[in-house]
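> This is the structure I want to talk about, given as structure tokens.
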Amino acid sequence: MIEKIDDLDNRAKDEILQAARECYPNEMCGFVVQLAVSHKFVLCNNVADNPQQTFDISADDFIRANAMGEIFAVVHSHPNGEPFLSGADRQCQMGVCLPWVLAVSGSLKVFRPVPHLRGREFVYDEADCCRLIQDAYHLCGLDLPDCPRLDIDADVKQQTLLRYFEQSDVFERAHDLQAGDVILTQSGSNTPEHAMLYLGDGEMLHHANGHLSRREPYHSYWQKCTHSVWRNKKWQPEMMAAIFNDLLHSN
């Protein structure tokens, strides 16, 4: 699977960027196909009714690309410069479960097919509060390092969650609360045991043990449990659009 842009051959990267320039002001679209020893970019016709705002690939182009080798990624461009996937992009991505390569403003971004942020079943270290925040930031174009964990009880005892943020090079402690911030909470102990993503306007996104990941108000209970607030140093307010694009189409 293509997980980062360095996983692509340089030739394929150059061809994708060239195709995006030539298709402007329309959205360019295509596939990355795995050949025997390299990747191949397959340019397709954008058959959407409004190609300047969206893209659609015909069944014939899909069959043609699939005959060349295994399809590794869907490729398209955003000529208007949006550096993240739209709600329609995310919906389609989850339908095909493939990485998407986005050409935007002369550069390339890779988005893994992470599950929708809302409605996930809880599995510690696979689908939990840390993974939810990591995936949300990925959709915004920010890749966070993993938070190494053992099990719930051991990690609470060893203050794993707090140490991750305290020792991070990409987060700093905040003294106010803004959309995109991470809220650490504590309930039955003096150690933070849960992380939530603040969405703004008094709402948050989180994944608690035994529950589906969900969006809910940052009400008085959670406010009383709040231990600290952490802000990503590269965060930009416009990145929230990527998260809301996903929430629009999740369960």
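The values are calculated or read from the model by the stated rules, or taken from the named source; none is laboratory data. Predicted model, so just to flag it, every value in this text is computed and none were measured. Neighbour counts run over all protein chains shown; Cβ positions are idealised from the backbone, glycine included. Areas reflect the complete protein model, heavy atoms only, side chains present, ligands, DNA and RNA absent. Shrake-Rupley method; radii C 1.70, N 1.55, O 1.52, S 1.80 Å.
> Given the conditions (1) in contact with a Lys or Arg (Cβ under 7 Å, 6 or more places away or on another chain); (2) of a type in the set (D, E, K, R); (3) open to solvent by less than 80 Å² (accessible area, probe 1.4 Å), which single one is not true for Arg215?
Among (1) in contact with a Lys or Arg (Cβ under 7 Å, 6 or more places away or on another chain); (2) of a type in the set (D, E, K, R); (3) open to solvent by less than 80 Å² (accessible area, probe 1.4 Å), the lone unmet condition for Arg215 is (3).
> Going by the conditions given, is Thr185 surrounded by 17 or more Cβ atoms within 10 Å (Cβ to Cβ), free of Cβ contacts under 8 Å to residues at least 24 places away in the same chain and over 21 Å from the mean Cα position of the chain (by Cα)?
Working: surrounded by 17 or more Cβ atoms within 10 Å (Cβ to Cβ): yes; free of Cβ contacts under 8 Å to residues at least 24 places away in the same chain: no; over 21 Å from the mean Cα position of the chain (by Cα): yes.
So Thr185 fails the test.
> Name the single residue that is nearest to the chain's Cα centre (by Cα) among those in the stretch 52-83 being crowded, with 18+ Cβ neighbours inside 10 Å and more than 15 Å from Ala103 (Cα to Cα). Explain how you work it out, then say what you get.
Taking the stretch 52-83 as the starting set, the residues that turn out to be crowded, with 18+ Cβ neighbours inside 10 Å are 55, 57, 61, 65, 72-79.
This time we only want the ones that are more than 15 Å from Ala103 (Cα to Cα), so: 57, 61, 65, 72.
Numbers: Ile57: 23, Asp61: 27, Ala65: 26, Phe72: 18 Å.
Going through the qualifying residues, I end up with Phe72.
> Can you tell me which residue in the stretch 1-51 is farthest from Asp143 (Cα to Cα), limited to those that are of a type outside the set (Phe, Trp, Tyr), open to solvent by 90 Å² or more (accessible area, probe 1.4 Å) and touching a Pro at 6+ places or on another chain (Cβ under 9 Å)? So that I can check it myself, show each step before the final result.
First, the residues of the stretch 1-51 that are of a type outside the set (Phe, Trp, Tyr): 1-23, 25-30, 32-40, 42-51.
Then drop every residue that is not open to solvent by 90 Å² or more (accessible area, probe 1.4 Å), which leaves 1, 3-4, 6, 10-11, 14, 21-22, 36-37, 45, 49.
Those left that are additionally touching a Pro at 6+ places or on another chain (Cβ under 9 Å): 1, 3.
Numbers: Met1: 16, Glu3: 11 Å.
That would be Met1.
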